[in-house]
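Here the structure comes first, spelled out in structure tokens, and everything after it is commentary.
The values are calculated or read from the model by the stated rules, or taken from the named source; none is laboratory data. Since the model is a prediction, treat every value here as computed from it, not as a measurement. Note: ideal-geometry Cβ built from the backbone for every residue, glycine included; neighbour counts use all protein chains shown. Surface accessibility is based on the protein's heavy atoms, side chains included, excluding ligands, DNA and RNA. Shrake-Rupley method; radii C 1.70, N 1.55, O 1.52, S 1.80 Å.
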Amino acid sequence: MITVLGGDNGSVWLTLVVILGGAAVLDYGVGDPKTWLHPVQCMGWTIAKGSNLILHRWTGPVARRWGGVILGFGVIFGSGFLAWGLVQITEQISPLLAIAVQIMGVASCFAGRSLAQAARSVMLPLQSQDLTAARQALGQFVGRDTDQLNEAEILRATVESVAENTVDGVTAPLFYALVGAA
């Protein structure tokens, strides 16, 4: 939900631009600091605990399947409800605070800065012809074995990974932020 300054249609779009623009600037400027708790970490913890509970409480495949379905919907709708609730609470305190919370929430969905840093971590050693360091850096964010890759294969793997992850870390969050705003 988007907190709107004023009440007319123009204010809705202005607020949306402020939130999306602010989120993009925040992601570009700060990114995801490694020392900060990320919402995805909380979701991962919830999934791990929920999976363990399901595996230990239910033994049949049908019961486990339903447990997984319930867990999946619970994480999706639970995280959405928590975000909505946080915006509602902060909106009661201050509409500007609610917009700041929304900017931080949307920025946490973006991964543009992280993708750029990952690509640079490979490109810098590659420019120095240090294939070993480039392979090690690439191995930090791809699922394939990088030990035997040549320069062209390292470049291809880097571009493929950044392109694939751009959908998850830039395009999809932007799309769903726009859908949510509508």
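Going through region 124-176 one residue at a time, which ones are over 28 Å from VAL106 (Cα atoms) and among the polar types (S, T, N, Q)?
Correct list: GLN127, SER128, GLN129, THR132, GLN136, THR146, GLN148, ASN150.
Under 7 Å by Cβ, and 6 or more places apart or on different chains, what pairs join a residue from region 44-64 that is free of Cβ contacts under 8 Å to residues at least 12 places away in the same chain with one that is open to solvent by 90 Å² or more (accessible area, probe 1.4 Å) and not in a helix (DSSP H, G or I)?
From region 44-64, the pairs are ARG64/TRP58.
When you look at LEU53, is it at pLDDT 90 or above, more than 22 Å from LEU178 (Cα to Cα) and either more than 17 Å from the chain's Cα centre (by Cα) or surrounded by 17 or more Cβ atoms within 10 Å (Cβ to Cβ) (or both), yes or no?
Yes; evaluated as a whole, the condition is true for this residue.
Name the single residue, out of those in region 129-166 being open to solvent by 80 Å² or more (accessible area, probe 1.4 Å) and under 19 Å from ALA116 (Cα atoms), that is modelled with the lowest pLDDT.
The extreme case among them is GLY143.
Which one of LEU14, LEU20, LEU115 is at pLDDT below 90, surrounded by 13 or more Cβ atoms within 10 Å (Cβ to Cβ) and closer than 25 Å to PHE141 by Cβ?
So the residue among LEU14, LEU20, LEU115 that is at pLDDT below 90, surrounded by 13 or more Cβ atoms within 10 Å (Cβ to Cβ) and closer than 25 Å to PHE141 by Cβ is LEU115.
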